[in-house]
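K.L.:
I'd like to ask some things about the structure below.
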Amino acid sequence: MILGDEECEDDDTVDEDGCSSTCKIEEDWFCDHEEPVTLCIKVETNKCGNGIINTGETCDDFNEIEGDGCSNEC
């Protein structure tokens, strides 16, 4: 459960897994806020499918699947 000023909670004290030992979202990670446990995925910068609309992209939905509203080329 996320408490106080925590940004995430992954039930461990390990760093470099997206949610730090101090319960902060780490750089280059995207974490959902589903409770009770936060799930994090590594974000590759400047890549289609990273969830960030980079230069040259018009959409980015965290995947490269065709036919779901955002093409595999973003």
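The values are calculated or read from the model by the stated rules, or taken from the named source; none is laboratory data. On a predicted model such as this, the values are computed, not experimentally measured, just so you know. Virtual Cβ from ideal backbone geometry, glycine too; neighbours counted across all protein chains shown.
K.L.:
Do we have Ile52 as at pLDDT below 90 and outside any loop (DSSP other than H, G, I, E, B) here?
P.N.:
No.
K.L.:
Quick one: what pairs do we get from the range 1-28, first residue among the aliphatic types (A, V, I, L, M), second loosely packed, with under 10 Cβ neighbours inside 10 Å, C-beta under 8 Å, 6+ apart or different chains?
P.N.:
These pairs meet every condition: Met1/Glu35; Met1/Pro36; Ile2/Glu35.
K.L.:
From (1) in contact with a His (Cβ under 9 Å, 6 or more places away or on another chain); (2) within 20 Å of Glu73 (Cβ to Cβ), pick out the condition that doesn't hold for Asp60.
P.N.:
Status for Asp60: all satisfied but (1).
K.L.:
Only residues that are in a loop (DSSP other than H, G, I, E, B), buried (at least 16 other Cβ atoms within 10 Å of the Cβ), at pLDDT 90 or above and hydrophobic (A, V, I, L, M, F, W, C): list them for the range 1-47, please.
P.N.:
Cys8, Cys23
K.L.:
Sticking with this one: Would you please list the contacts, defined by Cβ atoms under 8 Å and residues six or more apart or on different chains, that run from a residue in the range 45-74 that is on the phi > 0 side of the Ramachandran plot to a residue that is exposed (fewer than 14 other Cβ atoms within 10 Å of the Cβ) and not in a loop (DSSP other than H, G, I, E, B)?
P.N.:
Final answer for the pair search is Phe62/Ile41.
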